[in-house]
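Below is one structure, written out as structure tokens; comments come after it.
No lab work stands behind these numbers, since they all come straight from the coordinates. Predicted, not measured: the structure shown is a model, and the values here were computed from it. Glycine also receives a Cβ, built like all others from the backbone with ideal geometry; neighbour counts cover every protein chain displayed.
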Amino acid sequence: MNILIWHVHGSWTTAFVQGPHTYLVPVLPDRGPDGLGRAETFAWPDSVREVTPAQLAEADVDVVVLQRPHEEELATRWLGGRRPGRDVPAVYLEHNAPDGNVPDTRHPYADRPDVPLVHVTHFNRLFWDNGSTPTTVIEHGIVDPGHQWTGELPRAAVVVNDPVRRGRYVGTDLLPALSEAAPLDVFGMRTEALAAHLGLAPERCRAQDLPQERLHTELARRRCYLHPVRWTSLGLSLLEAMHLGMPVVALATTEAVEAVPEGAGVLSTRPEVLAEAARRYLHEPEAAAEDGARARRAALGRNGLKPFLHRWERLLEEVTR
């Protein structure tokens, strides 16, 4: 198939484009949000092709994967008037948990029988009001980075973008107390001002933004993975850390309670319990290694690339039949 999909979520798309299709990714001269084109920091195969709006007008497109509400209008215009869901088969992929008046938040594609809705977690499907739209869940798939964990650095790793702006949503306010139990290395975009924002000494909270390959290597050197997120969709970085063989210390919120089974780490709604767990892993590297190995086995079983691609293959065949 020729699949039209915007470059919105680089990590998720990296798994999706490992399938057997041709992936048409819009590109604009400014490479803004509606025309990023191919990723520069992720390994995408040659089957991912950049296409301009002018090229899309004449392109043979079998299915459109929408990810943002305004993409339907863009696709209709750029495809020369062909409307997703009417003239071209389409699905809407929802990456995020609802915001606003939860749990009464209506999804933008509620009551749209022409465009099936795909959620990345069961939690998201449960909390969005999807109306009568046909919905399904295809959980995240991960390109396996291998069991890289060494845990040589007695520090906890956190991966989050925009922690200052996103604040309580991602648990930024919990980091000062957690840093007393384990010094933190925070990875992600726009993290450089975090320590100053929280009033923490640089040694207690270091921050840097790395490309994915280096990120995996550096994560695996840390003793454990810390996930203090209150309310977002399940972060792919959490699943990647589990693939790396890292034990998880996470708030028992959203889909984390399903993704991290017993024995793969510590989940709690009490930050003091998370602090104690991080402290224990720092002092007991053998326990960290054992729990990390269990985390990897769980992630390979639930979020492996092969079942992810198989589920998408079945859905795409159904909507294009």
In the neighbourhood of Glu317 defined by beta carbon distances under 14 Å, the net charge of the other residues (Lys, Arg +1; Asp, Glu -1) is 0
(1) 15.8; (2) 18.5; (3) 28.7, with the label sought being that of the calculated mean projected area of the Cα convex hull in nm²: (1)
Semi-axes in Å, largest first, for region 207-321 (Cα gyration tensor, √(5λ)) are 28, 16, 14
Which whole-number percentage describes the relative contact order of region 52-187, with Cα contacts under 8 Å and a sequence gap of 6 or more? 16 percent
With -39,500 (n - 2.57) per DSSP H segment of 4 or more residues and division by the full residue count of the chain, the 222 nm estimate, nearest 500 deg cm²/dmol, is -10000 deg cm²/dmol
At a Förster radius of 51 Å, what calculated FRET efficiency corresponds to the Cβ-Cβ distance of Asp87 and Asp144, to the nearest 0.05? 0.85
At 1.306 mPa s and 10 °C, Stokes diffusion of region 1-90 via Kirkwood alpha-carbon radius, µm² per second: 123 µm²/s
Enumerate the residues in region 186-228 having an amide nitrogen under 13 Å from the point lying 7 Å beyond the Cα of Glu152 toward its Cβ. 217-223
Electrostatic dipole magnitude of the chain [Cβ: Lys, Arg +1; Asp, Glu -1; Cα centre; debye, to 20]: 300 debye
Can you quote the Å³ per residue value for the convex hull of the Cα atoms in region 68-160, rounded to an integer? 156 Å³
Just to confirm the filter: which GluC sites (Glu not before Pro) across region 1-79 are DSSP coil and have at most 12 other Cβ within 10 angstrom of their Cβ? Glu40
